[in-house]
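The values are calculated or read from the model by the stated rules, or taken from the named source; none is laboratory data. Note that the coordinates shown come from a computational prediction; the quantities given were computed from them, not determined experimentally. Cβ placement follows ideal geometry from the backbone for every residue including glycine, while neighbour counts extend to all protein chains displayed.
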Amino acid sequence: MNVMLKRAYDEPGMGDGYRVLVDRLWPRGLSKANARIDLWLKEVAPSTELRKWFAHDPQKWTEFTRRYRLELKGNPAWPELQAIARQKALTLVYAAKDEVHNEAVVLRRLLDDEPKQAR
């Protein structure tokens with residue numbers, strides 16, 4: 001699969017493919033026209049409770065990842081994202097300043113691992 005990550009505030013590029021915003025909240029100060037989002041899949045984002053608990057604290061990263069993966073197991077938006085990733089080049093768009101500790105990183109890791117799990 002070809003899954004890329006990009007901050008919502010970075011300029012959209014021709015090589016982005018299908019752009020999916022994976023945040024529950026729309027990025028502050030960003031117009032929908034400038035964002036060039038093909039799909040806002042807010043349902044795949046962490047729950048409000050998990051997002052607030054995590055608060056992008058790197059010390060909570062391991063536990064956040066574990067909890068978020070559990071949430072995705074029962075989330076109907078997760079199979080939708082998997083199907084999109086199988087069909088086309090995909091960029092997961094997120095607003096977090098931390099480019100290492102955010103939900104898009106978890107989603108890409110899971111999507112990248114998917115072909116290995118199917119073997």
Query - Lone qualifier among Thr91, Thr48, Thr65 - being among the polar types (S, T, N, Q) and touching a strand residue (DSSP E or B) at 6+ places or on another chain (Cβ under 8 Å) - result: Thr91
Query raised in the report: Within segment 66-78, is even one residue modelled with pLDDT of 95 or more, surrounded by 13 or more Cβ atoms within 10 Å (Cβ to Cβ) and assigned to a strand (DSSP E or B)?
Result: no
Query raised in the report: Tally time: how many residues in segment 7-63 are aromatic (Phe, Trp, Tyr) and closer than 19 Å to Leu111 by Cα?
Result: 3
Query raised in the report: Of the residues that sit in segment 87-108 and are basic (Lys, Arg) and either under 19 Å from Trp26 (Cα atoms) or modelled with pLDDT of 95 or more (or both), which one is surrounded by the most Cβ atoms within 10 Å (Cβ to Cβ)?
Result: Arg108
Query raised in the report: For segment 53-65, which residues satisfy the criterion of being of a type outside the set (D, E, K, R) and surrounded by 11 or more Cβ atoms within 10 Å (Cβ to Cβ)?
Result: Trp53, Phe54, His56, Pro58, Trp61, Phe64, Thr65
Report task. Considering only segment 4-57, state which residues are of a type in the set (A, V, I, L, M, F, W, C), closer than 20 Å to Pro76 by Cβ and not in a loop (DSSP other than H, G, I, E, B). Result -> Val20, Leu21, Leu39, Trp40, Val44, Leu50
Query raised in the report: For Thr62, are the conditions met, namely being in contact with a helix residue (DSSP H, G or I) (Cβ under 8 Å, 6 or more places away or on another chain) and either polar (S, T, N, Q) or in a loop (DSSP other than H, G, I, E, B) (or both)?
Result: no
Report task. Please work out which one of (1) in contact with a strand residue (DSSP E or B) (Cβ under 6 Å, 6 or more places away or on another chain); (2) hydrophobic (A, V, I, L, M, F, W, C); (3) in contact (Cβ under 8 Å) with a residue 24 or more places away in the chain is the condition Leu25 fails and give its number. Result -> (1)
Query raised in the report: Does Lys116 fit the bill of being touching a Gly at 6+ places or on another chain (Cβ under 7 Å) and either at pLDDT below 95 or of a type in the set (A, V, I, L, M, F, W, C) (or both)?
Result: no
